[in-house]
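A.B. asks: My structure is below; once you've seen it, I'll send some questions.
Each reported figure results from applying straightforward, stated rules to the coordinates on display, with no laboratory input. Since this is a predicted model, take the numbers as computed values, not measurements. Don't worry about glycine lacking a Cβ; one is built from the backbone with ideal geometry, like all the others, and counts go over all protein chains shown.
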Amino acid sequence: MIKKDNPKPAFFEEGTPDPVAAATGGQASPAAPDDQIRQLKRKAGFYISQDLLDRFNTKFYELKLAGVAVENKSGLLEAVLKFSLDDLDKGEGSQLMARILGVPGA
């Protein structure tokens with residue numbers, strides 16, 4: 001009989017947070033109250049120019065250094081997209097639509 005001094009670690013015990021869900025903002029552990037469960041998030045891939053990506057990264061770190069409570073880059077991008085989509089919902093009053101259409105002064 002072989003004696004095991006180092007038992008197998010219990011990485012997947014019941015009641016522990018799911019590491020993938022924690023990293024992606026998915027649902028919290030089953031022990032968490034319902035009001036703390038986050039909306040399921042999906043990874044999305046888009047191509048953007050290097051200049052725009054650099055500007056986004058710079059702005060993220062500027063906000064962090066200024067003490068703004070921005071959790072992570074995904075949170076900042078969600079806020080920017082929501083703001084942009086809300087603007088597009090304005091129809092003719094949308095500044096973003098004016099820029100897309102090439103309206104002078106937009």
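A.B. asks: Here's a check for you: in region 70-103, which residue that is touching a helix residue (DSSP H, G or I) at 6+ places or on another chain (Cβ under 9 Å) and not in a helix (DSSP H, G or I) is nearest to Lys41 (Cα to Cα)?
C.D. replies: The selected residue is Asn72.
A.B. asks: (1) in contact with an Asp or Glu (Cβ under 9 Å, 6 or more places away or on another chain); (2) free of Cβ contacts under 8 Å to residues at least 12 places away in the same chain; (3) charged (D, E, K, R): which one isn't true of Lys41, the others all being true?
C.D. replies: Unmet condition: (2).
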